[in-house]
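Let me begin by presenting the structure, written as structure tokens, before commenting on it.
The values are calculated or read from the model by the stated rules, or taken from the named source; none is laboratory data. Note that the structure is a prediction, hence the values are computed from the model and not measured. Backbone-built Cβ (ideal geometry, glycine too); neighbour counts: all protein chains shown. Areas reflect the complete protein model, heavy atoms only, side chains present, ligands, DNA and RNA absent. Shrake-Rupley method; radii C 1.70, N 1.55, O 1.52, S 1.80 Å.
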Amino acid sequence: MLKCAWCMKKIKEDKEVFTINIKFVEGKKISDSDGRMIHIHLESRNTSVPMIIPGENSEAKLEGIDGIFTICSQKCGDKMRASLAKEIAMFKDVVMNAT
Ligand SMILES: [Zn+2]
């Protein structure tokens, strides 16, 4: 079950899911050949949030995406993006999509 990386609510499968794709800055790479869910600490929120690391041969990885946050709503996405924008030591190219 996916959780919103901002409010931590479970995202129901029949609902629209938003994603925020990020790239890590140089030297911060986390990679996994099979892809997995990790928890990543956000300084600006002083908490850890769930993030998906795409597998080595996944479509996301081939597009240069290093990590994916799942988000339940536009509102949470806007807050999450604002928070990620402060984490410039960690992330770059923060892009939100609706699926
Ligand atoms: Zn949410």
Fill in the blank from the handout: Filtering the stretch 1-38 down to residues that are under 16 Å from G55 (Cα atoms) and in contact with a helix residue (DSSP H, G or I) (Cβ under 9 Å, 6 or more places away or on another chain) yields N21, I22, S31, G35
Problem - Leading residue by the ranking (surrounded by the most Cβ atoms within 10 Å (Cβ to Cβ)) among those in the stretch 59-94 that are within 11 Å of the ligand (Cβ to nearest atom) and under 28 Å from S33 (Cβ atoms) - result: I71
Handout entry: Qualifying strands (runs of 3 or more DSSP E) (wholly inside the stretch 19-99; at least 2 residues being touching a Pro at 6+ places or on another chain (Cβ under 9 Å))
Key = 36-42, 67-71
Practice task
Looking at (1) open to solvent by less than 80 Å² (accessible area, probe 1.4 Å); (2) of a type outside the set (D, E); (3) away from the ligand (no atom under 12 Å from the Cβ), find the lone condition where H39 falls short.
Solution key: (1)
Practice task
Among the residues of the stretch 1-15, write down those that are away from the ligand (no atom under 11 Å from the Cβ) and among the hydrophobic types (A, V, I, L, M, F, W, C).
Solution key: M1
